[in-house]
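Colleague: Questions regarding the structure given below will be posed in turn.
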Amino acid sequence: MGGDPAGKIDHEQHDFALWEKRVDALLVISSSAGLMNTDSLRRVLEDMGEETYENMSYYERWISSICQNMIEVGAFSTLELATKMEIIKSRGATYGDAS
Amino acid sequence: MPHDHHEPLSPSGHPYRADDDRDLTYWQVMEIAVRELLIEKGHVSATQIQDQINTMDARSPANGARLVAKAWTDPAFKYALIEDAGQATREMGFDIGPMHLIALENTEEVHNVIVCTLCSCYPRNLLGLPPDWYKSRAYRSRAVVEPRKVLSEFGLEFNQKIQIRVHDSTADMRYIILPYQPADSVGLSEAELANWVTRDSMIGVGLPRPPA
Amino acid sequence: MKVRVLSQWLPGHVRTPGYLRGKVGTIERSVGTFNNPEQNAYRLTPTKNRLLRVRFRMSEVWGPRAENPDDVVEAEIYEHWLEPFNAS
């Protein structure tokens with residue numbers, strides 16, 4: 001990325017939403033638990049491809065990478081993940097309802 | 001039941017990102033699922049997650065401003081900070097975890113600026129989470145090739161005799177800049193000086209300035 | 001001491017930025033030994049590798065594109081990505 005052509009810098013700033021703070025915390029805690037590390041986070045982010053920088057937000061990319069790492073390390077299975085995601089969706093239409 | 005998980009007002013006055021009261025996204029579902037599965041399997045606890053969020057929320061640029069103000073008023077501390085910023089920071093009472101910190105001094109001849117071209121490395125265990133622009137493709141791509149142009153977009157102009165040093169946080173070190181103390185702040189107390197030190201001045205894209 | 005960054009392109013995760021590969025710089029300081037990120041990224045047991053801060057002149061990195069040839073960029077580069085460079 002360093003040296004690539006790019007446009008003006010956008011100075012707009014947002015505070016982090018609760019779900020984003022939780023993603024951040026999940027990285028720190030799962031790393032100190034030995035389930036992943038900063039390099040394994042970055043490796044999956046890079047493998048996701050350049051276009052994900054355009055169509056996913058920063059913490060969307062992070063949770064995707066954390067989830068992939070957890071599957072790789074055997075923290076949970078893909079079946080467990082799919083089942084859990086269905087249950088969560090059925091709880092309600094907003095993050096507040098579902099979490 | 002929107003907003004029942006956090007304070008309704010942002011402490012910094014910036015808008016919150018779309019969150020609790022919008023339609024649930026796929027990635028939010030994934031976050032909830034990963035969190036709940038890790039808790040159910042005993043890898044993490046809900047308390048640990050909340051404690052970590054509280055720890056990060058408590059970190060802010062004000063921590064770095066205190067370091068800088070102390071370095072401006074205490075030459076022995078400034079020397080210690082440049083020798084081993086991690087140790088000096090811990091001795092001042094900040095819990096920066098395992099972070100490896102380097103302090104870079106701006107002088108009349110040298111201006112330092114920090115970027116992470118590979119991702120978004122930032123001294124978060126001292127200053128909190130990085131600003132959005134720091135993580136942007138534009139900043140990360142351009143800072144190493146046209147730093148003067150980037151700095152001018154932040155309102156900073158340097159003559160060609162001043163050397164610009166761009167520091168790319170490529171690996172395990174994190175960086176904080178010790179800004180050059182403005183002449184009109186000399187003689188102020190450490191507490192007063194801390195109010196002059198902005199987040200951007202510790203990244204290298206701003207200068208210290210009198211408090212508003 | 002002058003060093004050149006290896007001009008190699010590997011698949012997978014590396015922490016050596018593309019824009020510095022093949023460029024010659026000066027060691028600014030050594031910062032200790034750290035887990036090799038190329039192994040860490042795959043959760044293999046990593047070796048501990050020396051990490052060095054290397055200073056590059058902008059004219060070396062960008063040639064005539066440099067805004068000011070005497071400005072510099074500094075980066076942390078693992079020793080296994082560096083080779084000695086002799087100007088002769």
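Just so it is clear, none of the values below were taken in a lab; they were calculated from the coordinates. Not measured: the values here are computed from a predicted model. Cβ sites come from the backbone with ideal geometry, for glycine too, and all protein chains shown count toward neighbours.
Colleague: For the protein assembly as shown, what is the Kirkwood hydrodynamic radius in Å, using each pair of distinct C-alpha atoms? Please report the intermediate quantities before stating the final value.
Modeller: Details: mean 1/r = 0.0446 Å⁻¹.
Result for the protein assembly as shown, one decimal place: 22.4 Å.
Colleague: Tally Lys/Arg at +1 and Asp/Glu at -1 over every other residue whose Cβ is under 10 Å from the Cβ of B:PRO147; what's the total? Walk me through the numbers on the way to the answer.
Modeller: Details: positive: B:ARG142, B:ARG148, B:LYS149, B:ARG165; negative: B:GLU146, C:GLU67, C:ASP71.
Its environment carries a net charge of +1.
Colleague: Stokes-Einstein at 25 °C, 0.890 mPa s, Kirkwood radius from Cα pairs: D for chain C in µm² s⁻¹? Display every interim value, and only then the final one.
Modeller: Values: Rh = 13.7 Å.
My calculation gives 179 µm²/s for D.
Colleague: Restricting the count to DSSP beta bridges whose residues both fall in the protein assembly as shown, what percent are antiparallel, rounded to a multiple of 5?
Modeller: On the way: 22 of 39 bridges.
Approximately 55 percent, going by the DSSP bridge assignments.
Colleague: Between A:MET48 and B:PHE158, what FRET efficiency comes out of the Förster formula 1/(1 + (r/R0)^6) with R0 = 51 Å and r the beta carbon distance, rounded to 0.05? Walk me through the numbers before you get to the answer.
Modeller: Values: r = 37 Å, r/R0 = 0.74.
E between B:PHE158 and A:MET48, to the nearest 0.05, is 0.85.
Colleague: On to the next question. Per DSSP helix of 4 or more residues, -39500 (n - 2.57); summed, then divided by the residues of the protein assembly as shown. What does that give at 222 nm, rounded to the nearest 500? The partial results should precede the final answer.
Modeller: Values: 18 runs with 154 residues, N = 399.
The per-residue figure over the protein assembly as shown is -10500 deg cm²/dmol.
Colleague: Further question on the same structure: Just to be sure I follow the rule: in the protein assembly as shown, considering lysines 8 or more places apart or on different chains, how many pairs have Cα atoms under 28 Å apart?
Modeller: Taking the Cα cut-off of 28 Å, the pair count is 22.
Colleague: Also, I was wondering about something else. Give me the net charge for the shell around C:PRO69: Cβ to Cβ below 12 angstrom, other residues only, Lys and Arg +1, Asp and Glu -1. Don't jump to the answer; show the numbers that get you there.
Modeller: On the way: positive: C:ARG57, C:ARG65; negative: C:GLU60, C:GLU67, C:ASP70, C:ASP71.
With Lys, Arg at +1 and Asp, Glu at -1, the neighbours total -2.
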